[in-house]
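One structure below.
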Amino acid sequence: MTSFWNWAVAVYGADGVAAQCLSLQDDHDQCVPLVLWAVWVGTNSGKLSAEVAEEGAEVARSWSEAVIKHLRILRKRLRKPLSDIDDLARERIRAQVKSVELNSERELMVALEALSIVDFSETKQNLTALCTDNVAMVSKAWGPKVPRPQLISLIGTLSDGGFLEYTPAS
């Protein structure tokens, strides 16, 4: 089984995935690490229970509210020039904040992977449906609005990129 972080890095770098993830985050208030975790669990033939989906959403919500949200706000504020501050200095600080934000997302992913108390022994024939069900479950646990068309589109992109193929643990 590939670690969640390594899988997520490969997925995020695939054509179209970053844009879809950022749209889910910025336009639909979704937690991208949580969504990707649900897909990763599915790619390992794991079906999330409602309880585990809720627990994952709570872990993500707590960490996002305490850490990620504040770093993201700061990083976005640093996009624009600030009076009396050299643009190169601002960009250096912005890059450092972006790095810390990414590291905080990685720590969230490590926590979610550790939480993956899921029965991985049940091999499913239709991983696309399994991943879609998992994503819908965590999205619903995350908040009241489930952007189904955007989530289904992301699953399609991941499937087209070969990221929904089951590889048994060695």
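Computed from the coordinates by the stated procedures, all read-outs in this text should not be read as laboratory data. Just so we're clear, the structure is a prediction, and the values are computed from it rather than from any experiment. Cβ: placed from backbone, ideal geometry, glycine included. Neighbour counts: every protein chain shown.
Were the residues from residue 159 through residue 14 laid out at 0.36 nm apart, the gain over their Cα-Cα distance would be 51.1 nm. Entry note, the chain: the mean residue ellipticity at 222 nm calculated from DSSP H runs of n ≥ 4, each adding -39500 (n - 2.57), is -21500 deg cm²/dmol after division by the residues and rounding to the nearest 500.
The residue 93 and residue 55 beta-carbon pair, evaluated with R₀ = 45 Å, returns a calculated FRET efficiency of approximately 0.80.
Which helices, counted as full DSSP H runs in the chain, have an axial Cα extent of no less than 24 Å and a Kyte-Doolittle average of -0.5 or above? Write down the numbers at each step before the final one.
Working: long enough: 87-115 (42 Å, -0.22).
Result, helices passing both filters: 87-115.
The value of relative contact order for the chain, using C-alpha pairs under 8 Å at least six residues apart, is 41 percent. The packing ranking of peptides 97-104, 12-19, highest mean first, is 97-104, 12-19, where packing means the average number of other beta carbon atoms within 10 angstrom of each residue. On the basis of the beta-carbon distance and an R0 of 22 Å, residue 107 and residue 84 show a calculated FRET efficiency of 0.05.
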